[in-house]
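All remarks here apply to the structure that follows.
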Amino acid sequence: MKRREVIAGLGALGIVGAGAAYQTGALDSVLTDDESNRIEPVELTRFEAPGSTAGTETIPADGRVTYLAIFATWCGTCESKMEPLGEAATEIDDDVQFVSMTSEALGQSTTEEDVISWWEEHDGNWPVTHDAELDLSIQVDARGVPYSAVIDEQNRLVWSDSGYKDANEILSAIDEAR
């Protein structure tokens, strides 16, 4: 009888230990090596707006760290996040793809012109794109806005989070992916 109790106790201890390792991030390096978090490049339409030329942008860019900021024009927190995004955008080098993206349904309650006006009004000055089919949004598991994601040079999602981020948090997330 005692032998069974010892075996059951060891099994429970293993489960608790694995849960603690997951919660503390001890498994992060193992998870980032897994191909299941690889982001397949998606070609998105760029808006013609300050810092953004008309055309397309492939996200993530092969061989570069990518910082992706997902927003919506109706989101108040997205609006307040524009200033720290602008600060961070001026601090990064060309080795980082720094891009914002909306997946709002254009042509319904929001138009392309609305997005461009919002971008100008909030001093956006880096590439801004549209994920019409939600291809990239789904891959990074963006369930709301604002949402941020960092993809490393091997196109692996290495960090993501929702909500407001100040410039230091943004730059730290990028630096950790380098």
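Couple of notes before you dig in:
- Segment residue 87-residue 120, extension gain: residue separation times 0.36 nm, minus the distance between their alpha carbons: 10.3 nm
- Each of 71, 47 was scored by other Cβ atoms within 10 Å of its Cβ. Arranged with the fewest first, they read 47, 71.
- Whether region 38-177 is rounded, prolate or oblate, judged on the alpha carbon gyration tensor where a/c under 1.5 counts as rounded: rounded
- Sparsely packed loop sites in region 124-171 (the trypsin sites (Lys or Arg not before Pro) outside DSSP H, G, I, E and B with at most 15 other Cβ atoms within 10 Å) comprise 143.
- Principal axes of region 51-102: Cα extent on each, largest first, Å: 33, 24, 17
The numbers here are math on the coordinates, done by the rules we state, and not lab data. If you're wondering where the values come from, they're calculated on a predicted model, not measured in any experiment. Glycine also receives a Cβ, built like all others from the backbone with ideal geometry; neighbour counts cover every protein chain displayed.
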